[in-house]
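Report on the following structure.
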Amino acid sequence: MSDTTTEAPPKKKLSPRRRAQRIRWVQYAVLAVVALVVALVADWGQIQQQFFRSDLIKTTLTEGVGGALRNTVVYTAGAFVIGLLLGTVLALMRLSSVAPYRWIATVWIEFFRGLPAIIVFIAFGLMSLAFEGFVIPYDPYGTVWVALGLVASAYMAETIRAGIQAVPPGQVEAARSLGMPSGVATRKIVLPQAFRVITPPLTNELILLVKDSSLVYVLGLSASGYELTKYGRQLSSDNASLTPLVVAGFCYLIITLPLSIVVRRMEARQKKER
């Protein structure tokens with residue numbers, strides 16, 4: 001008796017390229033379905049009324065957003081300078097051969113990295129109650145610079161320390177062999193190279209400071225000291241619409257997006273140089 005059954009031909013497997021193409025089409029289809037559902041379900045009239053009212057956009061842009069934007073930049077710039085200077089000192093203390101310096105820097109960094117920035121702002125806002133007559137010069141700018149700068153210094157110190165440690169030790173040894181004192185070698189050889197390495201992460205710290213400046217509202221500022229968030233929130237409350245906050249959000253993007261582009265370009269340039 002002969003065997004009449006025949007084997008089925010083996011199923012042809014998809015090539016990796018073909019499989020990736022199918023997965024990509026499925027992802028496009030899912031995205032299109034989600035977009036279609038959102039377009040059909042959303043109440044576009046209500047969205048326009050709440051987020052994009054033309055009269056409120058005009059009011060927000062013409063009645064003080066320029067001053068709020070300027071205050072945001074000034075708050076951030078001052079805090080960044082204080083954070084950078086203090087962070088550099090803390091980083092050098094962390095790498096010091098003197099143990100008490102390392103202990104003090106470690107306690108400072110861990111303390112301010114562990115605290116929410118808003119608590120630091122509240123503490124500085126109540127400082128005059130705890131110490132009668134205590135006033136930080138150039139208030140409210142001075143108060144914001146110090147409060148935000150202290151928090152930023154803790155994060156920057158760790159970034160700067162990593163940059164210093166990335167400098168090849170041979171360069172320091174070469175400088176010392178030429179008779180250069182340790183302090184001069186650090187100032188002229190180590191720190192310039194370290195800051196070249198850490199410029200992208202420091203720019204990221206600057207972006208974070210721009211956003212953290214929105215916490216200034218807890219200090220109870222007058223209208224002339226409003227930054228973008230406080231200004232947008234005040235107008236939103238007065239008009240029962242989120243449009244001013246949307247405008248304030250776009251103003252933040254005017255600051256942060258160029259900085260993000262700069263960071264990406266610097267990182268790409270550093271990658272090419274390696």
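The values are calculated or read from the model by the stated rules, or taken from the named source; none is laboratory data. All values derive from a computational prediction rather than experimental measurement. Here Cβ is always computed from backbone atoms with ideal geometry, including for glycine, and neighbour counts include all displayed protein chains. The accessibility values were calculated without ligands, DNA or RNA, using every heavy atom of the protein model including side chains. Shrake-Rupley method; radii C 1.70, N 1.55, O 1.52, S 1.80 Å.
Applying the selection to region 139-183, what residues are among the small types (G, A, S) and surrounded by 14 or more Cβ atoms within 10 Å (Cβ to Cβ)? Working first, answer last.
First, the residues of region 139-183 that are among the small types (G, A, S): 142, 147, 149, 152-154, 157, 162-163, 166, 170, 174-175, 177, 179, 182-183.
Within region 139-183, G142, A147, G149, A152, S153, A154, A157, A162, G163, A175 meet the criteria.
Just to confirm my filter: which helices (runs of 4 or more DSSP H) fall fully inside region 172-255 and include at least 3 residues that are of a type in the set (V, I, T)?
Values: elements: 182-185, 191-212, 228-239.
So the answer is 191-212.
Evaluate the following for F112: is it of a type in the set (A, V, I, L, M, F, W, C) and open to solvent by less than 60 Å² (accessible area, probe 1.4 Å)? Talk me through it step by step, then tell me what you get.
On the way: of a type in the set (A, V, I, L, M, F, W, C): yes; open to solvent by less than 60 Å² (accessible area, probe 1.4 Å): yes.
Yes.
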Completion exercise
With criteria (1) among the hydrophobic types (A, V, I, L, M, F, W, C); (2) modelled with pLDDT under 90; (3) surrounded by 13 or more Cβ atoms within 10 Å (Cβ to Cβ), L126 comes up short on (3)
Handout entry: Test: residue in region 183-200 that is under 19 Å from the mean Cα position of the chain (by Cα), under 30 Å from Y226 (Cα atoms) and not aromatic (F, W, Y)
Key = yes
Problem - Single unsatisfied condition, L257 versus (1) under 21 Å from the mean Cα position of the chain (by Cα); (2) open to solvent by 70 Å² or more (accessible area, probe 1.4 Å); (3) under 30 Å from K58 (Cβ atoms); (4) in contact (Cβ under 8 Å) with a residue 60 or more places away in the chain - result: (4)
Exercise for the section: Please state which one of I136, I119 is open to solvent by 10 Å² or more (accessible area, probe 1.4 Å), assigned to a helix (DSSP H, G or I) and closer than 23 Å to L221 by Cβ. Expected result: I119
Exercise for the section: From the list T76, T62, pick out the single residue that is among the hydroxyl-bearing types (S, T, Y), surrounded by 11 or more Cβ atoms within 10 Å (Cβ to Cβ) and either modelled with pLDDT under 95 or closer than 30 Å to N204 by Cα (or both). Expected result: T76
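Being free of Cβ contacts under 8 Å to residues at least 60 places away in the same chain and either under 18 Å from L148 (Cβ atoms) or open to solvent by 20 Å² or more (accessible area, probe 1.4 Å) (or both) is the filter here; which residues of region 198-209 pass it? Before the answer, list the steps.
Step one: filter region 198-209 for residues free of Cβ contacts under 8 Å to residues at least 60 places away in the same chain, giving 198, 201, 204, 207-208.
Once the filter is applied, which keeps residues that are free of Cβ contacts under 8 Å to residues at least 60 places away in the same chain and either under 18 Å from L148 (Cβ atoms) or open to solvent by 20 Å² or more (accessible area, probe 1.4 Å) (or both), region 198-209 yields P201, N204, I207, L208.
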Exercise for the section: Check whether at least one residue in region 210-230 is touching a Pro at 6+ places or on another chain (Cβ under 8 Å), modelled with pLDDT of 90 or more and open to solvent by 20 Å² or more (accessible area, probe 1.4 Å), and report yes or no. Expected result: no
